[in-house]
Every structure is written in structure tokens, then in C-alpha cells.
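Quick notes on the structure that follows.
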Amino acid sequence: RSTLADGNKRRSEAVFEAVYRDLYAKHRHLLSSDSRLCARKNEPKWMKRLKIIDSTTITLFSNLLFKGVGRHPKTGKKKGGIKVHSIIQANEGVPSDIRFTSAATNDSFMLLPATLNRREIIARDRAYIDYAKFQQMTERGVVYVTKMKKNLQYTIEEDVMCQTPEGVMQVRVQRVTFRKKLKGGSEIVHHARIVTYVDVQKCKLISLLTNDMTSDPLEIMVIYHKRWAIELLFKQIKQNFPLKYFYGKSANAIKIQIWVTLIANLLLMIMRRRLIRSWSFSGLATMVRITLMYYVDFYSLFNHPEKDWEASLKEAAESPQMPSLFD
């Protein structure tokens, strides 16, 4: 552990970042759902254009390297944390862009309208609300869908509610205008739409904010639900590659360990897409961990793991039976 920690102090985390980005660029065509043997036929056409932005925080042992946020519920001590900001393509399921900051950094810096292309769709959580960037995205022809923050100030231009025959609200669509005055005296005017629906499972109203003024409200809801893919990705990484113990105490060593985790996750996702046999990610990760130090053909083993067992049974059946002492 000491040797590894010393090595990670000298190596630049940029090397591991470059490895990840090269692997992603080389194999991203395999990660898209179109290349899968069991591609979903009913997948919406806009899935290829959908990007999801979110972040996850990894708690650290100290508050000195990365500024933490919040306090421990029992001890009251403030813990450090590194925040992993990620962007994923909805039909790929792995991060296409990653940034590291302290846990106290606001997520909105990841929203860069200048890097987005026309007709792209961005789904994100409420932490990314920024009127200036929203207006830039609208001007570039980029669609965003996000969850509403409370206490936002706006003017309602139009208000339409759809109800069931029993008088229960199904969906409410409001056309609104946001105005924000800047320091120089200028003003940002942004037109948007608020789609409100009932979450039956949680028994509460969910309000979504979007600059898409024409699409069906149901489609807006489906786009936001696809945002859950990035939460599943974070859960997958944290469950299969637990980042609770770090081999080095420097910022560089911590970032290296996270990059190595992301590389391992990416490689397993690529190999999983190439397999004909269906495997859960956790099952595949467990089996790879067991066979990692053996010289085996990955695709032969995991496409037909019973092959050697069936061959031995066949050989036993074909071999002449030895006479029994009890015959």
C-alpha cells in the first residue's frame, strides 16, 4: 500500500484520464443501443440526442483536500468530499465527460451551451437552473428539461389543465416568462413551459421546466424519467467498486483511484455489450473478480460457462463403465 501510494503521488491523474477518454472514443459505437443484439425496437428517436447531466459525491476522510458540505449526523464533524460531475448519452450508459470538484461546488458550471449542438436534449436536476444559460440554449436550438425549484419568480402567460372525467388533474401546462435583471442594468427575458403532473407512487405533484413549447407534455415527462439512467450508473459504480478506502491521501492519488474505477466500469460495460449471453452487471463484475488472475478466454467463458462441465459429463457418459463390486 505504501509503494502504491508513493507511486500515485508521482504519477499524474491526467494519464488515467487520457486512458479513459481514449477507451471511450474507441468503443463508444458498441455502447450505443443500436449496436446491441437485443436493441429495444420501441426506443424513442430522440434517445440518441438526449444527454443527462448530474453529479455524485464521494465522502473522504478529510476536509483539507476537498471542501466538504454538511456535517456528520453523530459527531457533527464536517467531512471532505469530492464531487464527480458527469455527462452521459442516454443510449450509452457510461460517462462521456467527467469533471472533479470539491463537494461544495455548485453543479451549474457543467452547463456549457457553447458546447451543445442544435436539436440536442439536456435532462438534469434542479441544481442546474441558470436563466442566462437557459436563454443561450434556446437561441442555439437546444432543448432542456429540468425539475422546478421552489419560489421561482415568473409571469404566467397561459394556463391549461387536463382532467379525467372524474375531475382529477392529469397534467397542467403553463406558458411562463422569467425576468432577471443583471448588474449592468440589462435584463434577461426567458420564455418557458411548466409541465405539472401527479406522481402516483410518491403521492405528490411534480413540476418540470422546459423550453420545448410544442412537444406533447407526456413526452416531456418521459424525457425527465430517462434522467434516472445516470442515478443507476452512480449506484452501479458505488455498489460494485466501493470507493470507501483510498490508498493515497493526496488529491492526485484520490483522483487516480476514481479514474481507475471508471476505467474498470467502462471495460466491463464494453465486454458486457459484446456478450451474446445475458449477464447482470453485478453478476459479471463478481465473476470477473474471481477469474481475474486466470488465463481464460473471456467471451468463451461468459458466453458458455457450462461448456467444460458439459464436456466432462459427455466424456463420462461415453467412457466404458467399470464393473461394480455389487453386480
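Quick notes on this structure:
- The set of residues in the stretch 188-221 being part of a strand (DSSP E or B), within 23 Å of the chain's Cα centre (by Cα) and either under 16 Å from residue 170 (Cβ atoms) or of a type in the set (Phe, Trp, Tyr) (or both) consists of 199, 206, 207, 208.
For (1) assigned by TED's automatic domain parsing to the domain that holds residue 56; (2) β-branched (Val, Ile, Thr); (3) at pLDDT 80 or above, each residue gets a yes or a no:
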{"position": "270", "(1), (2), (3)": "yes, yes, yes"}
{"position": "281", "(1), (2), (3)": "no, no, yes"}
{"position": "297", "(1), (2), (3)": "no, no, yes"}
{"position": "300", "(1), (2), (3)": "no, no, yes"}
{"position": "311", "(1), (2), (3)": "no, no, no"}
{"position": "324", "(1), (2), (3)": "no, no, no"}
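- The residues of the stretch 8-34 that are at pLDDT below 80 and farther than 13 Å from residue 89 by Cβ, listed by number, are 8, 9.
- Residue under evaluation residue 277, criteria (1) at pLDDT below 85; (2) not in a helix (DSSP H, G or I), criterion not met: (1)
- Pairs with Cβ under 7 Å, 6+ apart, first in the stretch 84-99 and aliphatic (A, V, I, L, M) and buried (at least 20 other Cβ atoms within 10 Å of the Cβ), second at pLDDT below 95 and in a loop (DSSP other than H, G, I, E, B): 88/94; 90/226
- Going through (1) in a helix (DSSP H, G or I); (2) in contact with a Lys or Arg (Cβ under 6 Å, 6 or more places away or on another chain) one by one, residue 282 falls short only on (2).
- Wholly enclosed strands (runs of 3 or more DSSP E) of the stretch 128-187 bearing at least 3 residues at pLDDT below 90: 169-181
- Lone qualifier among 244, 235, 226 - being modelled with pLDDT under 85 and charged (D, E, K, R): 244
- Contact annotation: residue pairs with Cβ atoms under 7 Å, 6 or more positions apart or on different chains, pairing a residue in the stretch 238-250 that is under 12 Å from residue 262 (Cα atoms) and assigned by TED's automatic domain parsing to the domain that holds residue 82 with a partner that is surrounded by fewer than 14 Cβ atoms within 10 Å (Cβ to Cβ) and not charged (D, E, K, R), are 240/282.
- Residue 68 being in a loop (DSSP other than H, G, I, E, B) and modelled with pLDDT under 80: yes
- Residue-level analysis places residue 266 among those that are in contact with a His (Cβ under 9 Å, 6 or more places away or on another chain) and under 29 Å from residue 2 (Cβ atoms).
The values are calculated or read from the model by the stated rules, or taken from the named source; none is laboratory data. This is a predicted model, so every value here is computed, not measured. Here Cβ is always computed from backbone atoms with ideal geometry, including for glycine, and neighbour counts include all displayed protein chains.
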